[in-house]
Amino acid sequence: MFIIGDTLVSLDVLEKEFCCNLDVCKGCCCVEGDAGAPVSEDECAEIEKILPLLLPEMTKEARQVVEKQGISYLDPSGERVTSIVNDKDCVFARTDKNGWCYCLIEKAYNAGKIDFKKPISCHLYPVRLTQVGDKVGVEYHRWDICHCARVLGKKNHIKLYEFLKEPLVRRFGQ
């Protein structure tokens, strides 16, 4: 690890190669796992503002979850995360007819309907942020479903920090 200001950064962020390969994984990180994506209170407020726009696009099951528990919950570790359907699918994820998963928040953003792209934890993935005392930790989260991204990153010589330039700048600035 090394320190930049008040941020601890894992060497993996500089050294590991990674490039999402959506042709292979089809965005399954939004619909796999045992908890939703980490989300801040400010992000929850942003999502609540745009929720009326998102609800008609959500699955019936996702709308029922949001109606019952809201857009987020505290996971077993006490972290606020997006609500999930069937113990795995983010309530804001949809799957198209070709099996590709996409984010309803990002879709609305890309269409120019909102100015909130998506939770920063989603944008930064596979990097995860943790609180380490008074510092923010930036760590590479390895997940088996991202094997194809590691292969493509290695093939194209794309470092993790290069692949994540936009969300890293969004979160930490230049």
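Would it be correct to say that G78 is of a type outside the set (A, V, I, L, M), assigned to a loop (DSSP other than H, G, I, E, B) and without any contact (Cβ under 8 Å) to a residue 40 or more places away in the chain? Criteria met by G78. Any chance you could count how many residues in the range 1-38 are buried (at least 16 other Cβ atoms within 10 Å of the Cβ) and of a type in the set (A, V, I, L, M, F, W, C)? Within the range 1-38, residues that are buried (at least 16 other Cβ atoms within 10 Å of the Cβ) and of a type in the set (A, V, I, L, M, F, W, C) number 13. Of the listed requirements (1) open to solvent by 50 Å² or more (accessible area, probe 1.4 Å); (2) over 26 Å from E41 (Cβ atoms); (3) in a helix (DSSP H, G or I), K107 misses just one: (2).
Scanning the range 110-130 for residues that are assigned to a helix (DSSP H, G or I), farther than 18 Å from A45 by Cα and either of a type in the set (F, W, Y) or in contact (Cβ under 8 Å) with a residue 60 or more places away in the chain (or both) turns up nothing.
With E32, E67, E48 as the choices, which residue is part of a helix (DSSP H, G or I) and either out of contact with any Gly (no Cβ under 9 Å at 6 or more places or on another chain) or within 30 Å of H147 (Cα to Cα) (or both)?
On the way: E32 fails: part of a helix (DSSP H, G or I); E48 fails: either out of contact with any Gly (no Cβ under 9 Å at 6 or more places or on another chain) or within 30 Å of H147 (Cα to Cα) (or both).
None of the others qualify; the one that does is E67.
Figure legend. Inter-residue proximity from the range 81-97: first residues open to solvent by less than 10 Å² (accessible area, probe 1.4 Å), second residues aromatic (F, W, Y), beta-carbon distance below 8 Å, spacing 6+ or different chains. Indicated pairs: V81/Y73; T82/F92; S83/Y73.
The values are calculated or read from the model by the stated rules, or taken from the named source; none is laboratory data. Keep in mind that what you see is a predicted model, and the values were worked out from it rather than measured. Neighbour counts are summed over all protein chains in view; Cβ atoms, including those assigned to glycine, are modelled from backbone coordinates with ideal geometry. Accessible surface is based on the protein model in full, side chains and every heavy atom, while ligands, DNA and RNA are left aside. Shrake-Rupley method; radii C 1.70, N 1.55, O 1.52, S 1.80 Å.
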